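First comes the structure, then the notes that go with it.
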């Protein structure tokens, strides 16, 4: 039963991470997922210590981290990446002050071998919700990314959509941490999208391709975990990396 | 605002990064008019268009007729060649269907074959992309068209035919057109009014009165032929 729950959780979270990743790679925000994975670490540590859902622990810390980065940017006008760097390393430092040694591995590379019914149900519902929201804003975000002026002339409220998009990133990172941990979460949004870009001829092939590759990588990784008894998180990322390598052969000119 | 008045600009001042770009500008545009904005580089023409679109902060008054639908062709528009975005998907950002896409493409002299619609838009040439962005602005029948150097990178034959199509479309549908262009020769014939700008309004009126040798020297500050 546990395997089934793990697979369902992986399929949905891998899929939504891939789908979101196609937007993030286009907006050159691929490493944001990676950085935010680290930002969440204190919340992940608390969840592991007190035995509650990792996503629930990660989400408030992520929101706090994003607000801090945003506030610092308003005050200093330093580049966003430098501020993100400050916040994420400080987060990691804080987490390691109280993260018990026997929980380090789960926090860093995830563990979905023990998810139960309710956790799976909540993850699936959050994934579906995020997907519906992202599908609605997808083309608007892409247009705004091509030309903010053109998007504004088309009455697209760019700031509003960027905010929704950021909220989706926070949620997907919080979900993904459960699967691949803080350290590897970034790959869950980057690698499937990068692989899909090599296959894709248009936007829907790209975004849905990334979704499928994300899901498929999770299935492969979780099955490999059952066979080899190695941790699932790294196996999922390696499966995605392998698909990326294969995609190089299909690179459309 | 009277019925046929589409746009009224009064005491418009625009400052960007402490530099005054537009000073105390006044003009009006009536429904169905073609207004051409002339001026040397750095005169504030593009900034004026963007300000009219609400993209820059300003002081003064910009009053559009209510519920007006505007199409815009920006001066700069590029698409990263690696982005998997097809021509069809780009038009679908506007929620329009295939016949409307083909119709818009015809106006810019592009035959809309299935193969072309599936092409990655980032792989098109500069001229083709320029045509696409003009078609994109036209596709959902705007009441007003704001065109910023629309023919940049389009070959001479293309320019003439696209202008012809624009004029034909304008005769059929009566859009209001505001156009920034350096190509005095081709476009001025069709204009109702010309606004010559160099931060301040230099001249405003019918092209016959404005486009004289002496005025052009004043606008561009050198030898120029009509």
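So which of B:116, B:90 is away from every other protein chain (no Cβ under 11 Å) and more than 19 Å from the chain's Cα centre (by Cα)?
Just a single option satisfies the conditions, and that option is B:116.
In segment B:95-107, is there at least one residue being within 17 Å of residue A:149 (Cβ to Cβ) and either more than 14 Å from chain A (Cβ to nearest Cβ) or surrounded by fewer than 18 Cβ atoms within 10 Å (Cβ to Cβ) (or both)?
no
Can you find a residue in segment B:51-59 that is in a strand (DSSP E or B), in contact with a strand residue (DSSP E or B) (Cβ under 7 Å, 6 or more places away or on another chain) and more than 8 Å from chain A (Cβ to nearest Cβ)?
Step one: of segment B:51-59, the residues in a strand (DSSP E or B) are B:59.
In the following step, the residues that additionally are in contact with a strand residue (DSSP E or B) (Cβ under 7 Å, 6 or more places away or on another chain) were identified as B:59.
Going one step further and asking which of them are more than 8 Å from chain A (Cβ to nearest Cβ), we end up with B:59.
Within segment B:51-59, one or more residues are in a strand (DSSP E or B), in contact with a strand residue (DSSP E or B) (Cβ under 7 Å, 6 or more places away or on another chain) and more than 8 Å from chain A (Cβ to nearest Cβ).
I'd like to verify a number: residues in segment A:193-210 that are in contact (Cβ under 8 Å) with a residue 60 or more places away in the chain and either in contact with a strand residue (DSSP E or B) (Cβ under 9 Å, 6 or more places away or on another chain) or more than 14 Å from chain B (Cβ to nearest Cβ) (or both), how many?
1
Does residue B:28 fit the bill of being out of contact with any helix residue (DSSP H, G or I) (no Cβ under 9 Å at 6 or more places or on another chain), in contact (Cβ under 8 Å) with a residue 60 or more places away in the chain and not in a loop (DSSP other than H, G, I, E, B)?
Details: out of contact with any helix residue (DSSP H, G or I) (no Cβ under 9 Å at 6 or more places or on another chain): yes; in contact (Cβ under 8 Å) with a residue 60 or more places away in the chain: no; not in a loop (DSSP other than H, G, I, E, B): yes.
Answer is no for this residue.
Inspect segment A:165-188 for any residue being within 14 Å of another protein chain (Cβ to nearest Cβ) and either part of a helix (DSSP H, G or I) or touching a helix residue (DSSP H, G or I) at 6+ places or on another chain (Cβ under 6 Å) (or both) and give the result as yes or no.
From segment A:165-188, those within 14 Å of another protein chain (Cβ to nearest Cβ) are none; that's our starting set.
No, the conditions are met nowhere in segment A:165-188.
Looking only at segment A:145-160, how many residues end up being more than 10 Å from every other protein chain (Cβ to nearest Cβ) and either surrounded by 15 or more Cβ atoms within 10 Å (Cβ to Cβ) or not in a helix (DSSP H, G or I) (or both)?
2
Kindly provide the set of residues from segment B:39-50 that are under 15 Å from the mean Cα position of the chain (by Cα), more than 14 Å from chain A (Cβ to nearest Cβ) and either surrounded by fewer than 18 Cβ atoms within 10 Å (Cβ to Cβ) or part of a helix (DSSP H, G or I) (or both), ordered by number.
B:45
So which strands (runs of 3 or more DSSP E) are wholly in segment B:161-212 and hold at least 2 residues that are at pLDDT below 80? Spell out the reasoning first.
Details: elements: B:176-180, B:193-198, B:200-205.
Those strands (runs of 3 or more DSSP E) span B:200-205.
Could you check residue B:79 against (1) within 24 Å of residue B:178 (Cβ to Cβ); (2) assigned to a loop (DSSP other than H, G, I, E, B); (3) facing another protein chain (nearest Cβ under 9 Å); (4) touching a helix residue (DSSP H, G or I) at 6+ places or on another chain (Cβ under 7 Å) and say which number it fails?
(1)
Tell me the residue from A:105, A:91, A:22 that is within 30 Å of residue A:226 (Cα to Cα), surrounded by 15 or more Cβ atoms within 10 Å (Cβ to Cβ) and in contact (Cβ under 8 Å) with a residue 24 or more places away in the chain, please.
Step by step, each of A:105, A:91, A:22 is checked, and only A:22 is within 30 Å of residue A:226 (Cα to Cα), surrounded by 15 or more Cβ atoms within 10 Å (Cβ to Cβ) and in contact (Cβ under 8 Å) with a residue 24 or more places away in the chain.
Does residue B:153 meet the test of being surrounded by fewer than 18 Cβ atoms within 10 Å (Cβ to Cβ), more than 27 Å from residue B:27 (Cα to Cα), in contact with a helix residue (DSSP H, G or I) (Cβ under 9 Å, 6 or more places away or on another chain) and within 10 Å of chain A (Cβ to nearest Cβ)?
Taking the combined requirement at face value, the residue does not satisfy it.
Consider residue B:67 against the criteria (1) on the phi > 0 side of the Ramachandran plot; (2) over 17 Å from the mean Cα position of the chain (by Cα); (3) modelled with pLDDT of 90 or more: it satisfies all of them except one. Which criterion is unmet?
Here residue B:67 clears every test but (3).
Are any residues in segment A:1-28 in a helix (DSSP H, G or I), farther than 30 Å from residue A:204 by Cα and either out of contact with any helix residue (DSSP H, G or I) (no Cβ under 7 Å at 6 or more places or on another chain) or modelled with pLDDT of 95 or more (or both), and if so, which ones?
The answer is A:2, and nothing else.
The values are calculated or read from the model by the stated rules, or taken from the named source; none is laboratory data. On a predicted model such as this, the values are computed, not experimentally measured, just so you know. Quick reminder, even Gly has a Cβ in these numbers, built from the backbone with ideal geometry, and neighbours come from all protein chains shown.
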